[in-house]
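Novice: Below is a structure I'd like to ask you about.
Bear in mind these aren't lab numbers, they're just calculated from the coordinates by the rules spelled out. Keep in mind that what you see is a predicted model, and the values were worked out from it rather than measured. Note that we place each Cβ from the backbone using ideal geometry, even for glycine, and neighbour counts take in every protein chain shown.
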Amino acid sequence: MSKPKVVVLGAGYAGLVTVRHLTKKLSQEEAEIVLINKHNYHYESTWLHEVAAGTLTPNQARFMISDVVNPNRVRLVYDTVVEINKDEKRVVLENSEVTYDYLVIALGFVTNTFGIKGMEENAFFIQDIDSSRLIAEHIEYQFAKYSAGEITDDEALNIVVGGGGFTGIEFVGELVEEVPRLCKKHDIPRNKVRIINVEAAPSILPMFDKDLVSYAIQSLESRGVEFRMGAAISECTPEGFVVGEDKELIKGGTVVWTGGVTGSPVLGKSGFELVKGKVNVDADLRIQGEEDIFALGDCSWVMNKETGRPYPPTGQLATQEGVVAAENIAALIHNAPLKDFVFSDKGTVASLGLTDGIGNIFQGTKIKGKSAAAMKKVVDDRTLFLVGGAKTVVKKGKFRPF
Ligand code: FAD
Ligand code: NAD
């Protein structure tokens, strides 16, 4: 009998951790492992706001997959997944097809526009390396054109960010670092550039306590961020965001939407039942009703039995799921019982630029300021270690001094 083929879709947090653990759990004789990813590199999704602001280069936020996964052990396919045909156990790629015995769907997220008029056409998204790099390049292009007198309207320098969740706030935190550098480079007075964050809810970062949120607002405002809270965006035009009942236009030369994310569109295209853009998985991480398909990370909802609600999708969750998915695939191949996934919450930290931040760690300890910023870098390096190992941390880790 031929050995079973395990196919992993996506080399992000969940996919890479799954593959790295599969190679430890299964010998070459026991299973063939295939990893399929759009690019030949892995990028740190959790660092994309830095790439988008220009405080981190795209290369610093990514590494070659073949540097951390042995191509002699795992077949690496660099192609885009178009659709999964689960009845025929086949994955359709842009340039070929792959069959599987066991499938892991770890294709991550896409930005959710919630169908807001004009958003897809007119706003930038922090979605992957290329879309994030484009934002940094666009901001600098606006500055260069203004400096050269090609545009004279001050509003062209405005950077308007829709959404005051983690991504939007961490992004404006990076912008307050980068904008002064760009102003200096292009001879533009700092006070000509407005950074405006627009949030529909009465406050930003609803997942944090009020005192941490107040701290974050104060910190960012003192460094030049303007907040428009309670301002729901109903449309995006080439000039900016339309907000409120009076249809006020908040103008910007750079308009970025960070209003939410949803699972890969491949899920819906493949006929899986969707709940808010993702699939529900059982405690063993298999899609409900599927014997041989696992869905991880931002593609799935896994229930927290204690709260009766799904765990929020994060990089932390995705890496932990990768370990259990690999163990459960090995168990299926060895005819052993599967184990249930239990999330171990290490806390949450949001950066507010290079030297500031807020966080909840160790189940209830609040941190802010430099200690939170330092903790964020520890978390970033730890995650990098989980997907890339020690050598990658040495090459790409965040050892930037304060
Ligand atoms: P990803 O890591 O996004 O990986 C998906 C992979 O699939 C990518 O390699 C992609 O190229 C590939 N892919 C996608 N579509 C296809 C296709 N059709 N064909 C082939 N390949 C494909 N979480 C935290 O815990 N802490 C943080 O500090 C944090 N910061 C964040 C900052 C930002 C700016 C953003 C946007 C998110 C942040 N998150 C954070 C959330 C975290 O990034 C996600 O929850 C996490 O990336 C999910 O991991 P994943 O493996 O599901 O997907
Ligand atoms: P999010 O859904 O967490 O936040 C989106 C924000 O946009 C919300 O505050 C929402 O009220 C606002 N919004 C939505 N529609 C709006 C509208 N029409 N007008 C104005 N505002 C609107 O999305 P995100 O910040 O992109 O985060 C995505 C995921 O990634 C989350 O699960 C988050 O936990 C995770 N993440 C974590 C970190 C971290 O741990 N440091 C950092 C970034 C992202």
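Novice: Mind counting the residues in segment 354-373 that are within 14 Å of ligand 1 (Cβ to nearest atom) and not in a strand (DSSP E or B)?
Specialist: Selection size over segment 354-373: 2.
Novice: Going by the structure shown, is residue 298 surrounded by fewer than 21 Cβ atoms within 10 Å (Cβ to Cβ), out of contact with any Cys (no Cβ under 8 Å at 6 or more places or on another chain) and within 18 Å of residue 321 (Cα to Cα)?
Specialist: no
Novice: Is it fair to say residue 197 is in a strand (DSSP E or B) and surrounded by fewer than 20 Cβ atoms within 10 Å (Cβ to Cβ)?
Specialist: no
Novice: Here's a follow-up. Are there any strands (runs of 3 or more DSSP E) wholly within segment 230-279 with 1 or more residues that are buried (at least 23 other Cβ atoms within 10 Å of the Cβ) and charged (D, E, K, R), and if so which?
Specialist: none
Novice: What single numbered condition from (1) farther than 28 Å from residue 53 by Cβ; (2) surrounded by fewer than 18 Cβ atoms within 10 Å (Cβ to Cβ); (3) touching a helix residue (DSSP H, G or I) at 6+ places or on another chain (Cβ under 6 Å) fails to hold for residue 305?
Specialist: Answer for residue 305: the failing condition is (3).
Novice: Out of the residues in segment 200-228 that are in contact (Cβ under 8 Å) with a residue 60 or more places away in the chain and within 9 Å of ligand 2 (Cβ to nearest atom), state the one that is surrounded by the fewest Cβ atoms within 10 Å (Cβ to Cβ).
Specialist: Out of the qualifying residues, it is 207.
Novice: Can you tell me how many residues in segment 128-177 are outside any helix (DSSP H, G or I) and either within 16 Å of ligand 2 (Cβ to nearest atom) or in contact with a helix residue (DSSP H, G or I) (Cβ under 7 Å, 6 or more places away or on another chain) (or both)?
Specialist: Result for segment 128-177: 9.
Novice: In segment 3-35, what residues are among the β-branched types (Val, Ile, Thr) and surrounded by fewer than 23 Cβ atoms within 10 Å (Cβ to Cβ)?
Specialist: 23, 34
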